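Below: one structure, written as structure tokens.
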Amino acid sequence: MNRPEVTEMVSKCCALNAVPVLIARRIAYETFSVLNACGVVIHQTYNQLYPKYDEELANKVKDKRLLGYHDVRVGNGPDARLKRFVQVNLPNLWDEARGKFDEHKELLCGFGNKTVPYGEFVARVRGREERGPDSLDIEEAMGWARPEPDPDPDPDPDPDPDPDDE
């Protein structure tokens, strides 16, 4: 996420007041969770796309004796999945994405323009700015419930204090 391609996209979209759309082969979970919370629309193609003129290179990349990538696709046009995303899914995402983008625009612009460091950006998006990104308790991070303290520490289940009751 802290790559020039991403920060430049965010910076340019902030300057244009345009909701960013990131389309890539794969998106790291961290990138998705932080940027999506800020209104960036994200789509994974799950393919390496090579233009028709690079078909020879694509075949080498697919060759199991060389790199052996299974997700290589050759062509100059979008596949059906990408078309569906752009034509059907994306219009349905605009309103929610615009609201999140407007809410986080100042923070996004700071990240894109490099006035807000990456660690601070992530911490603030996650609502941890007051504690810092490294102070999160591991149990809280993992979502583990802490056991509630026993309200009655007395191990004797017999409520009668007289031991000669039997």
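Among the listed pairs Lys12/Lys83; Lys12/Lys60; Lys12/Lys100; Lys62/Lys114; Lys60/Lys83, which have their C-alpha atoms separated by more than 29 angstrom in this model?
Values: Lys12/Lys83 24 Å; Lys12/Lys60 35 Å; Lys12/Lys100 17 Å; Lys62/Lys114 38 Å; Lys60/Lys83 27 Å.
Violating the 29 Å Cα-Cα cut-off are Lys12/Lys60; Lys62/Lys114.
Among all the lysines, which ones have a C-alpha under 24 Å from Lys64's C-alpha, if same-chain residues fewer than 8 places away are not counted?
Lys52
Sequence gap at least 6, Cα distance under 8 Å: using those rules, report the relative contact order of the range 1-140 to the nearest whole percent.
Details: 149 pairs, mean separation 38.9, N = 140.
Relative CO of the range 1-140 lands at 28 percent.
Counting alpha carbon pairs within less than 8 Å and at least 6 residues apart, what relative contact order, in whole percent, applies to the range 40-103? It would help to have the intermediate numbers written out before the result.
Working: 47 pairs, mean separation 22.4, N = 64.
Contact order relative to length: 35 percent.
Mind putting a number on the dipole of the range 41-120 about its Cα centre? Charges go on the C-beta only, +1 for Lys and Arg and -1 for Asp and Glu, and I need it in Debye to the nearest 20.
Details: 13 positive and 12 negative charges, 81 e Å.
The dipole magnitude comes to about 380 debye.
How large is the direction-averaged shadow of the alpha-carbon convex hull of the range 9-98, in nm²? Walk me through the numbers on the way to the answer.
On the way: hull surface 28.5 nm².
Taking a quarter of the hull surface, the average projection is 7.1 nm².
Can you give me the % of accessible surface on the range 55-134 that is carbon or sulfur? Probe 1.4 Å, all protein chains present, nothing else counted. Working shown, then result.
Details: 2710 of 5530 Å².
The value for the range 55-134 is 49 percent carbon and sulfur by accessible area.
The values are calculated or read from the model by the stated rules, or taken from the named source; none is laboratory data. Just so it is clear, the structure is predicted and the values come from calculations on it, not from any experiment. For neighbour counting, all protein chains shown are included, and Cβ atoms are generated from backbone atoms with ideal geometry for every residue, glycine included. Note: areas computed on protein heavy atoms with side chains; ligands, DNA, RNA excluded. Shrake-Rupley method; radii C 1.70, N 1.55, O 1.52, S 1.80 Å.
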